[in-house]
Amino acid sequence: MVYNRKPARRDYNAGGFFYFAATDQMTDKENLTGDAQTYRREPEIDAIVPQFPQYGCFPRISENGDAWIHPDDRRLVEKLIPSERLMRRESFDGTYYTYRYGKQCFRLKPVLWLSVRGEGFEIGDAVETIGQGMERELFVGQIWGAYYVRRKAKIMYRLKRAGNPVPGLFPATALRLLENKQHVSPSTVVYPQPT
C-alpha cells in the first residue's frame, strides 16, 4: 500500500552545507515508525551540493578574530574585506572556500556573507555601453570593479576606457558583453547554378 503525502521539507545546517530531508511517498513495509494509526517514513537526508560560482560581498567582518582567514591570505583579505565589492566564490576544498575578485584570489573558512545573484559580467570582461537617451556617451570599455549597492539592491560596475577609469557606476542594464563578432554565418540563400 502506498501513501501519498506532500513533501515535508526540513533544512539542517551543518558546517556551511545545507541538508534537507523530504518525505514524499512511503509504503507500509519500509522504514515505518509510530503506532498503527500513523505511518510516516523516516526522513532520508540528501546533501545539497553547492553550485559554483557563487557571488556575494562581505559588508561586515567577524568580531571573533581572524581565524577564518587562511594564514597566507591575511594581508590581501584585510585590504578587500569588509566592503561592498562583489566577490566570486569558486570552490570548496573541505576547509576553505576559494574567492576571487578580479585577479586577486584568497581563501576563507565558511563565514557569513551576503549572497547576490550574478548577472553574467566578470571583472576583466570587455563591454560596450548601451545608450540611455542622451545621458551617456556610447563607448567600449573593460570592467575593473563590481560592487553590490544595497540601497538599490543591484550590482554596479566600474569601467575603464582606454586604460583610464570612467567616472560613475554602471548597472548591468546599461552594459552589453562583447563577444567574438568576427565570424560570418553561412549563407541560407540558394543561388541558381550556371548550366
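The values are calculated or read from the model by the stated rules, or taken from the named source; none is laboratory data. Values in this document were obtained by computation on a predicted structure and should not be read as measured data. Note that each Cβ is placed from the backbone with ideal geometry, even for glycine, and that neighbours are counted across all protein chains shown.
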Among Arg158, Arg150, which is the only one that is outside the structural domain of Pro71 (by TED's automatic domain parsing), in contact (Cβ under 8 Å) with a residue 40 or more places away in the chain and of a type in the set (D, E, K, R)? Arg150
Given the criterion more than 28 Å from Pro171 (Cβ to Cβ) and at pLDDT below 95, identify the matching residue among Asp72, Asp93. Asp93
Of the residues in segment 70-113, those that are touching a Phe, Trp or Tyr at 6+ places or on another chain (Cβ under 7 Å), under 16 Å from Pro50 (Cβ atoms) and in contact (Cβ under 8 Å) with a residue 40 or more places away in the chain come to Leu108, Lys109, Pro110, Val111, Trp113
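Residue by residue, here is whether (1) closer than 29 Å to Lys152 by Cβ; (2) part of a helix (DSSP H, G or I); (3) basic (Lys, Arg) holds:
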{"position": "Phe52", "(1), (2), (3)": "yes, no, no"}
{"position": "Arg60", "(1), (2), (3)": "yes, no, yes"}
{"position": "Glu63", "(1), (2), (3)": "yes, no, no"}
{"position": "Asp73", "(1), (2), (3)": "no, yes, no"}
{"position": "Glu84", "(1), (2), (3)": "yes, no, no"}
{"position": "Arg88", "(1), (2), (3)": "yes, no, yes"}
{"position": "Gly94", "(1), (2), (3)": "no, no, no"}
So, Leu112, is that one outside any helix (DSSP H, G or I), among the aliphatic types (A, V, I, L, M) and closer than 28 Å to Asn164 by Cβ or not? no
